[in-house]
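The structure appears below as structure tokens.
Please treat every number below as a calculation from the coordinates, not as lab data. This one's a predicted model, so the numbers in the text were calculated from it and none came from an experiment. In this analysis, Cβ positions are derived from the backbone assuming ideal geometry, glycine residues included, and neighbour counts consider all displayed protein chains.
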Amino acid sequence: MDEFDWLDDLPEAWSVPPELKGPTRVHFVNFVIYVISSDYTSNSINESIGELLAEHGRFNVSYQISAKGGLPDKGLMGLSVALEGVLKKCWETWLKYQQIWISGSTPSGGDYQQLLADLRASRDEIRRIRPV
């Protein structure tokens with residue numbers, strides 16, 4: 001058994017969309033910039049995005065501490081994959097909300113509340129998977 005066989009068990013990597021590949025090297029930060037610079041955002045959305053970004057920062061600090069503390073590569077990779085999954089959910093949620101506006105409609109209160117709930121759930125998921 002090869003010591004890296006566990007890599008075969010990881011889920012297929014998400015292909016990060018071009019919109020999230022800049023202006024920084026951090027896809028999560030680019031998502032935040034994308035949303036807060038959108039014509040379709042609001043104060044409540046920006047607040048939720050800010051909370052998400054703060055939790056992402058806490059995750060990164062914990063991740064670095066775990067890496068220096070000797071967490072095995074498999075554990076570090078699992079954390080990275082989990083965080084990427086959260087970003088993917090956030091992106092898909094935002095696209096769904098944005099598409100309502102782009103189609104010429106106005107999101108219902110339920111659409112708006114669902115977006116906020118999904119962003120908060122993503123924040124909580126990052127908090128849950130944070131290693132320290």
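Segment 10-82 and segment 90-109 have their alpha-carbon centroids 21 Å apart. Counting only Cβ charges, +1 for Lys and Arg and -1 for Asp and Glu, the dipole size of the chain around its Cα centre is about 480 debye. The residue list Phe31, Leu53, Pro107 was ranked by how far each Cα lies along the charge dipole of the chain toward its positive end, using unit charges on Cβ atoms, and Leu53 comes out on top. Could you tell me which of Gly78, Thr93, Tyr40 has its Cα farthest along the dipole of the chain towards the positive end, charges placed at Cβ (Lys, Arg +1; Asp, Glu -1), taken about the Cα centre? Result: Tyr40, furthest along the dipole toward the positive end. How much FRET efficiency would the formula 1/(1 + (r/R0)^6) give for Ser103 and Val26, where r is the Cβ-Cβ distance and R0 is 35 Å, rounded to 0.05? The calculated FRET efficiency here is 0.70. Dividing the summed helix terms, -39500 (n - 2.57) for each DSSP H run of n ≥ 4, by the number of residues in the chain produces a 222 nm estimate of -23000 deg cm²/dmol to the nearest 500. The label-point distance for Ser44 and Ala13, in a model that sets each label 7 Å from Cα toward Cβ, rounds to 3.8 nm.
Are there any helices in the chain, counted as whole DSSP H runs, that stretch 18 Å or more along their axis by Cα and score at least 0.0 on average by Kyte-Doolittle, and if so which? Span-like helices, by this rule, are 73-102. Rg and Dmax of segment 27-132, both derived from C-alpha coordinates alone, stand at 15.2, 52 Å. Mind checking which of Ser37, Ser105, Ser80 has the largest fluctuation in a GNM of the chain, springs on alpha carbons under 10 Å? Judging by the Gaussian network model, the answer is Ser105.
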